[in-house]
Amino acid sequence: MRSSRTEGSSVDRAAPALRFGVRAMLAAGALILVTVPFGVLLLLVRTNWAPLRQADLASSADLHRYAVTHPGFVTAMRTLSVIGSSWTWIPVFVLVGLVASLASATETRDLRGRHGSPGVR
């Protein structure tokens, strides 16, 4: 059965714009869902809100109490701290950059062919 729409109709041309609009609204909604709670939490921290401060002090005291009696936990936390430090990740990023540069240079050389210029055989 044939469709009643003709090729290139306004419905066909509006579909990408509609999809873009839907994606843009979803992205804006996701951004709002992330930034508003973060902003509220930042405000509460900056104003030194008493209930949040008390929760912070209580959790740090409990964590310290636990760490005093569990040296393995302290070792694990120190290991996570080192893994997350910039001195660990800077060499990783440099290495990834070098590998990407070498891969790009190799691909460019392969595309040039034997004579050193594209398209010449």
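The values are calculated or read from the model by the stated rules, or taken from the named source; none is laboratory data. Everything numeric here is computed off the predicted structure, so don't read it as measured data. In this analysis, Cβ positions are derived from the backbone assuming ideal geometry, glycine residues included, and neighbour counts consider all displayed protein chains.
Do we find that F93 is modelled with pLDDT under 95 and either among the acidic types (D, E) or assigned to a helix (DSSP H, G or I) (or both) in this structure?
Taking the combined requirement at face value, the residue satisfies it.
Residue under question is V99, and the condition is that it be touching a Lys or Arg at 6+ places or on another chain (Cβ under 8 Å), surrounded by 10 or more Cβ atoms within 10 Å (Cβ to Cβ), of a type outside the set (D, E) and at pLDDT below 95; does it hold? So that I can check it myself, show each step before the final result.
Details: touching a Lys or Arg at 6+ places or on another chain (Cβ under 8 Å): no; surrounded by 10 or more Cβ atoms within 10 Å (Cβ to Cβ): yes; of a type outside the set (D, E): yes; at pLDDT below 95: yes.
In short, no.
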